[in-house]
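To start, the structure under review is shown below, and the notes come after it.
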Amino acid sequence: MFLLIEAHVLAAERLHGDDTTVPRLAKYKTDVARIWDYVRDDRPFGGPAPPAVLCYYSRTRKGEHPRGHLAGYSGILQVDRYAGFNEMFRDGWANKPMTRANCWAHGRRHFFELVDVARQLKRKKDSAPLVSPLAREALEWIDQIFAIEREINGQTAAERLRVRQERVVPVIRGLEAWMRDKRRSLSRHDPVAKAIAYLLNDWEGFTTFLEDGRICLTNNAAGRELRSVARGRRAWLFVGSDRGGDCATMMYSLIGTARLNGIDPLAWLTDLLARIADLPQARLHELLPWNWKALQQAELTKMAA
């Protein structure tokens with residue numbers, strides 16, 4: 001079942017990718033391992049394919065791991081600016097390099113932290129919070145983009161692209177001109193300058209969404225699926241071995257995909273385990289969450305009639 005979900009996710013034209021830490025038991029301590037996730041979710045542009053999540057485990061955060069996970073993939077990859085992804089966007093990768101789409105939520109966060117009074121008070125209780133007027137101005141530009149994107153969420157890729165060309169492109173051009181102007185007058189060590197550099201140093205990756213209506217403004221789809229890992233760390237504390245990490249990511253893939261398709265993971269897994277041994281391999285796809293859901297709904301409709 002995991003392999004079927006893997007094939008479905010990697011067949012997508014666009015993926016979200018992210019990673020998070022997971023403690024791994026070692027002698028007298030725990031090491032920091034990683035869980036990676038790749039999400040296929042075409043609902044923001046009205047795509048018909050069912051959503052799914054694919055998770056992998058690794059001992060380190062080296063770039064060789066995502067390159068191995070996505071070997072041969074050449075679609076759109078929505079990620080943060082982690083350097084380990086860079087090689088996949090260069091010529092010589094597969095038959096063509098991937099298309100990079102950076103996450104605007106990450107870019108916005110660098111400015112938001114400079115006006116977040118509550119966060120500053122929590123970190124520095126004995127000092128007065130400082131609110132950066134420049135960071136606030138940058139947020140006003142960026143929030144215009146987010147407001148337009150909320151309006152077109154769920155519409156077709158063509159319609160999203162049309163609206164972006166008409167309404168978002170002028171805002172992006174204004175923001176870019178504003179950032180380049182302010183950057184010249186700031187020290188490179190200034191927090192606002194660093195936030196501006198985060199965007200401008202890979203401006204092409206941040207503006208890819210203007211040319212393709214399938215691309216989302218943020219990479220939140222991948223981040224949401226990793227929240228269960230963050231919550232779980234408080235309960236199960238660590239993975240006991242590399243094999244345990246592999247098993248954990250397999251379960252996260254199954255349970256996460258069930259949730260994305262709006263079904264109860266326990267009900268689905270219970271039925272899956274009861275039926276999978278008696279089902280021919282050629283029919284295993286019938287137990288994929290979206291197919292299972294359709295069969296359950298058909299049976300309920302039949303019973304109601």
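The values are calculated or read from the model by the stated rules, or taken from the named source; none is laboratory data. For clarity, every value in this text was computed on a predicted model and none was experimentally measured. Because the Cβ atoms are built from the backbone with ideal geometry, glycine has one as well, and the counts that use them run over all protein chains shown. These accessible areas exclude ligands, DNA and RNA; they are computed on the full protein's heavy atoms, side chains included. Shrake-Rupley method; radii C 1.70, N 1.55, O 1.52, S 1.80 Å.
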Dipole check, region 1-68, charges on Cβ (K,R +1; D,E -1), about Cα centroid: among Trp36, Ala52, Phe2 the Cα furthest to the positive pole belongs to Trp36
What's the magnitude of the charge dipole for the chain around its Cα centre, counting Lys and Arg as +1 and Asp and Glu as -1 at the beta-carbon? Answer in Debye, nearest 20.
1060
Once you've got the GNM for the chain with C-alpha springs shorter than 10 Å, pick whichever of Ser228, Ser253, Ser187 has the biggest mean-square fluctuation.
Ser187
For region 76-224, what does the relative contact order come out to in percent, with C-alpha contacts under 8 Å and a separation of six or more?
32
Near Lys96, which aspartates and glutamates are there with a Cα under 15 Å away, not counting those fewer than 8 places off in the same chain?
Glu13, Glu87
Using alpha carbon centers only, region 202-259 is separated from region 11-87 by a whole-angstrom value of 7
If you count the DSSP beta bridges with both ends in the chain, what percent of them are antiparallel, to the nearest 5?
70
For every other residue with a beta carbon closer than 15 angstrom to the beta carbon of Tyr198, add +1 if it is Lys or Arg and -1 if Asp or Glu, then tell me the sum.
+3
If one builds a Gaussian network model of the chain from Cα atoms under 10 Å apart, the most fluctuating residue listed among Thr270, Thr20, Thr99 is Thr270
For region 128-200, what value does the Rg/Rh ratio take when both radii are computed over Cα atoms and Rh is the Kirkwood radius, given to two decimals?
1.08
For region 1-142, what is the Kirkwood estimate of the hydrodynamic radius, computed as the reciprocal of the mean inverse distance between distinct Cα atoms, to one decimal in Å?
17.8
Relative contact order of the chain: what whole-number percent is it, with Cα pairs under 8 angstrom and at least 6 residues apart?
25
Helix-derived [θ] at 222 nm for the chain: sum -39500 (n - 2.57) over DSSP H runs of at least 4, divide by residue count, nearest 500?
-15000 deg cm²/dmol
For all pairs of alpha-carbon atoms in the chain, what percent lies in each bin of width 10 Å, listed from the first bin to the last filled one?
5, 22, 28, 26, 13, 4, 1, 0
Debye calc, one equal point scatterer per Cα of region 41-81, no solvent, log10 I(q)/I(0) at q = 0.22, 0.26 1/Å comes to -0.95, -1.11
Let's test this: bin the Cα-Cα distances of region 165-279 at 10 Å from zero up to the farthest pair and state each bin's percent.
10, 25, 21, 21, 16, 5, 1, 0
Using only the alpha carbon atoms of region 244-305, find the Kirkwood hydrodynamic radius as the inverse mean reciprocal pair distance, in angstroms to one decimal.
12.6
Keeping all protein chains in place, calculate the accessible area per residue for region 106-216 (probe 1.4 angstrom), answer in Å².
58
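Suppose every Lys and Arg Cβ carries +1 and every Asp and Glu Cβ carries -1, with no other charges. What dipole size does region 166-305 come out with about its Cα centre, to the nearest 20 debye? Don't jump to the answer; show the numbers that get you there.
Numbers: 20 positive and 16 negative charges, 120 e Å.
The calculation lands at about 580 debye.
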With a 1.4 Å probe and all protein chains kept in place, how much accessible area does Arg119 have, in Å² rounded to the nearest 10?
80
Tell me, Kirkwood radius of region 22-96 from alpha-carbon pair distances, in Å?
14.4
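Give the relative contact order (percent, whole number) for region 214-305; include only Cα pairs under 8 Å separated by 6+ residues.
Here the relative contact order equals 19 percent.
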